[in-house]
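Notes for the one structure printed next.
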Amino acid sequence: MRVVQQITFEAKDDAEAIRIAADRLGRDAVVLSTRPVNKGGFLGLFGKPALVVTAGILEEDEPKKKEEPIGDRVRAFQQLLEGKRDSFPVVPSEGRSSGKKETDDTPVGEREDRVELSSPVATASRPSVSREKVAQAYGKGPNSVEERDNKNLSDDVERIQRTLSSVLERLDRASVSDGGTEKPPEPRLAPSSMDDCRERWRHMLLEIDMTESFVDALLERYRGSLDDLSFKDWLKESIRAPFRDVISALGGSRVMFIGPTGVGKTTTIAKLAAANSLWEDRKVLLATADTYRIAAVEQLRTYAKILGVPVEVIFDPQDLKGIREKRDVELILLDTAGRSQRDSRRLDEAKELYEAFAPESVHLVISASSKYRDMLDVIERMGNMPISHLIFTKLDETLTLGPVLEIALNFDIPISFLTVGQNVPNDIEVASTDRIVNMALGGGYGD
Ligand SMILES: Nc1nc2c(ncn2[C@@H]2O[C@H](COP(=O)(O)OP(=O)(O)OP(=O)(O)O)[C@@H](O)[C@H]2O)c(=O)[nH]1
Ligand SMILES: [Mg+2]
């Protein structure tokens with residue numbers, strides 16, 4: 001990689017630096033460095049802060065090979081990212097892999113049993129995981145007969161377990177409604193009354209940080225429900241995560257991502273861009289309207305370069321109209337600046353982007369480690385745009401997924417994806433009601 005057409009100029013802030021670089025060098029301009037200086041003033045004091053900016057265009061040393069096998073592209077992608085983590089400030093080096101030894105006593109939420117591609121570290125210490133396994137994590141089925149058999153077997157076991165627990169819980173209910181005349185169930189298998197059962201769930205739901213009044217209302221609703229489902233299955237039936245694969249979960253070919261600062265919007269977009277371009281072989285275009293921070297533009301540009309997909313920087317919402325009409329693109333993922341739900345001016349700007357882009361779906365990205373009240377506030381205030389999907393990120397960072405469950409139960413907005421770590425592109429899943437409920441009630445990610 002070499003720099004061509006390098007220029008140096010002054011700007012008052014990051015946003016102006018990005019804009020001047022693009023004006024003078026075109027849309028592929030990259031800000032290479034910025035140095036803060038004080039302009040004017042006396043003896044270096046009382047001056048106005050400014051930036052001395054170096055920008056240029058990066059060019060590949062050798063033309064890229066045309067079509068590498070997918071495995072090689074993925075591995076190269078991972079290796080480049082691992083390398084980038086040391087030098088690139090917005091992709092921090094402390095990954096989720098703590099290097100801690102896992103034992104059977106390790107709480108489920110701390111286990112590292114996610115699907116992992118071979119990174120430079122992983123290849124040395126453990127076998128890499130097949131493409132099929134990764135494809136499965138993205139909602140694709142197993143390929144070989146052996147894999148199908150294993151899957152059928154584990155599906156059967158899961159079905160039997162579900163049936164058994166539902167039968168046990170029905171037994172509990174029956175013993176209560178019959179005024180206790182029924183033969184008491186085995187004490188080690190189930191609590192002896194509906195109230196015990198209810199208390200147990202109540203305790204558990206409060207432990208995972210659900211709101212007390214909501215928990216009581218929820219348990220009442222369950223008691224009054226006519227169907228014969230176990231509580232867990234009833235919860236699963238009550239939330240919406242209906243998508244089976246990455247394409248249906250995206251909900252269209254023009255997709256916009258909004259959300260508070262630092263929740264993982266750009267990382268999630270990079271994961272989805274990888275999934276779509278590497279596994280689905282779709283022509284993806286990344287666009288970013290986050291021109292407030294140099295690091296934000298460069299973060300997306302870095303992912304785009306590694307993936308070999310084009311990226312457009314949006315300075316003006318009207319730029320989106322041209323992008324919408326691009327013919328050779330199958331999927332446009334629009335990244336936006338993180339904004340506080342309390343900053344109404346920034347929210348209006350997002351609305352302008354929405355109107356110019358006319359997306360087919362708007363995914364609101366929320367961190368699973370936020371408090372329930374804050375999640376609620378985000379959804380309500382960002383609702384100045386029609387939110388079509390919810391994405392929960394950072395499920396790996398919390399053991400108490402009650403707020404996620406509570407949002408899922410309270411809103412009729414479908415949940416599209418769950419992200420479970422910093423690793424691009426692995427740490428993302430198409431959301432499923434099973435996963436959400438099992439993780440929430442089972443002690444977090446890893447259950
Ligand atoms: N543990 C964990 N970290 C994540 C996850 N998703 C993203 N991150 C990390 O969260 C940090 C912020 O991610 P970004 O993608 O830059 O977040 P953003 O929403 O684009 O941030 P702004 O553009 O500043 O609003 C980075 O360090 C990511 O690696 C996740 O699922 N789990
Ligand atoms: Mg971002």
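Net charge around LEU376, counting only other residues with Cβ within less than 14 Å of its Cβ (Lys, Arg = +1; Asp, Glu = -1)?
-1
Based on the Cβ-Cβ distance of ARG346 and PHE411, what FRET efficiency does E = 1/(1 + (r/R0)^6) give at R0 = 22 Å, to the nearest 0.05?
On the way: r = 23 Å, r/R0 = 1.03.
Efficiency for this residue pair is about 0.45.
Can you compute log10 of I(q)/I(0) for segment 2-59 with the Debye formula, treating each Cα as one identical point scatterer, at q = 0.12, 0.23, 0.28 Å⁻¹?
Each listed q maps to, in turn, -0.30, -0.80, -1.04.
What is the sum of charges around LYS321, taking Lys and Arg as +1, Asp and Glu as -1, for the other residues whose C-beta is under 13 Å from the C-beta of LYS321?
On the way: positive: ARG254, ARG324, LYS326; negative: GLU312, ASP316, ASP319, GLU325, GLU352, GLU355.
Local charge sum for LYS321: -3.
Just to confirm a number: summing +1 for Lys and Arg and -1 for Asp and Glu over residues other than PRO242 whose beta-carbon lies under 15 angstrom from that of PRO242, what do you get?
With Lys, Arg at +1 and Asp, Glu at -1, the neighbours total -1.
In the structure shown, do any of LYS265/LYS321; LYS12/LYS305; LYS265/LYS305; LYS283/LYS394; LYS351/LYS394; LYS305/LYS326 have a Cα-Cα gap over 24 Å, and if so which?
Pairs exceeding 24 Å: LYS12/LYS305; LYS283/LYS394; LYS351/LYS394.
With a 10 Å radius around each residue's Cβ, average the other Cβ atoms per peptide and rank 226-234, 363-371, highest first.
Values: 226-234: 15.8, 363-371: 22.8.
Final packing ranking: 363-371, 226-234.
No lab work stands behind these numbers, since they all come straight from the coordinates. Predicted model only: the values in this text are computed from it and were never measured. FYI the Cβ positions are ideal-geometry reconstructions off the backbone, even for glycines, and counts take in every protein chain you see.
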